[in-house]
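For reference, the structure is listed below as structure tokens.
The values are calculated or read from the model by the stated rules, or taken from the named source; none is laboratory data. This structure is a prediction, so every number in the text was calculated from the model and none was measured. Please note: Cβ atoms are built from the backbone with ideal geometry, for glycine as well, and neighbour counts cover all protein chains shown. Note: areas computed on protein heavy atoms with side chains; ligands, DNA, RNA excluded. Shrake-Rupley method; radii C 1.70, N 1.55, O 1.52, S 1.80 Å.
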Amino acid sequence: MRYISRSLKAVILLSGGIDSTTTLYLAKKYGYKLSALIFDYNQRHRKEIFSAVKIARLNNIVYHIVKVHLPWTVSALTQKNIKVPFKRNLYSKNIPLTYVSGRNIIFLSYAASFAESTGAKKIFIGAHTEDYSGYPDCKPQFFSAIERAINLGISKKGIEIIAPLIDKSKKSIIKLGYKLGVPFEYTWSCYMGGRFPCRKCDSCRFRIKAFESIGLEDPLLRRK
């Protein structure tokens with residue numbers, strides 16, 4: 001997928017985590033004029049919304065908080081009666097309980113509507129290789145297919161979905177983020193959404209392990 005173009009508007013799906021924030025800084029490096037969509041889908045870890053807003057404001061990026069109601073989803077992120085799994089095998093091929101049915105289909109549909117309405121030709125998303133081992137809506141094949149579907153269903157063709165981190169590990173994303181000046185202390189990853197990271201959910205464990213692999217401590221852990 002092509003993503004070097006200094007003249008186009010672009011939309012970014014901004015969750016406030018490491019991946020979407022690094023994607024934002026990468027897109028900025030290539031000169032894109034970004035608008036951010038931040039989704040409030042009543043997720044357990046609503047704290048990520050505040051991180052996303054802080055990061056957007058820090059970069060003087062226009063952002064929109066989009067509220068989506070998904071009461072039917074069977075996910076630990078949207079249903080309080082389903083426990084977030086702790087100490088799960090991080091490299092299991094099974095779909096985790098934190099999967100939210102059709103989440104990226106929904107988010108990218110909103111992004112496509114926003115992009116066509118504002119004249120943006122690129123949609124950035126921070127999905128990567130450690131996501132799509134367990135999440136079917138993070139696979140490269142999915143992004144290629146939904147890009148085709150979007151362009152079949154809009155009047156102004158030519159919108160591209162860009163996942164610049166798709167082949168990278170969390171470790172390499174963090175290393176790239178430091179080169180780009182990403183303020184990791186403002187990002188949020190924990191599925192529990194408490195005052196401090198739980199250190200036990202999949203997202204915390206991937207994050208902590210990645211920082212440790214490059215000889216650094218996750219800046220969020222220093223707050224304790």
- request: Return the long-range amide H neighbours of V66 (sequence gap of 5 or more, or a different chain), with a cut-off of under 5 Å between placed amide H atoms.
  value: I38, F39, D40
Sparse-neighbourhood loop sites, chymotrypsin sites (Phe, Trp or Tyr not before Pro) in the range 43-87 - DSSP loop, at most 15 other Cβ within 10 angstrom: W72
- request: With label points built 7 Å along Cα→Cβ from the Cα atoms of S101 and F50, find their separation and express it in nm.
  value: 3.2 nm
Computed [θ] at 222 nm, helices only, for the chain once each DSSP H run of length n ≥ 4 contributes -39500 (n - 2.57): -10500 deg cm²/dmol
- line: Bridge orientation stat for the chain from DSSP, antiparallel percent rounded to 5, came to 5 percent
- prompt: Ranked from the most accessible area to the least, with a 1.4 Å probe and all protein chains present, what is the order of R207, R88, R222, R46?
  reply: R222, R46, R88, R207
Per-residue HN-Hα couplings for the range 66-82 [Karplus 6.51, -1.76, 1.60; θ = phi - 60°; Hz; x = Gly/Pro]: 9, 8, 10, 9, 10, x, 8, 5, 9, 9, 5, 7, 10, 10, 5, 7, 9
- request: Search the structure for amide H atoms under 5 Å from the amide H of I162, placed 1.01 Å from N in the peptide plane, and list their residues when 5 or more places away or on another chain.
  value: I123, F124, I125
message: Per residue of the range 200-206, what does 6.51 cos²θ - 1.76 cosθ + 1.60 with θ = phi - 60° give for ³J(HN,Hα)? Whole Hz please, x for Gly and Pro, Karplus curve as stated.
response: 10, 6, 3, 5, 4, 5, 4
message: If you average the alpha carbon positions of the range 32-65 and of the range 159-178, how far apart do those two centres end up, in angstrom?
response: 18 Å
message: I want the local charge near N89. Using Cβ-Cβ distances under 11 Å, sum +1 for each Lys or Arg and -1 for each Asp or Glu among the other residues.
response: +3
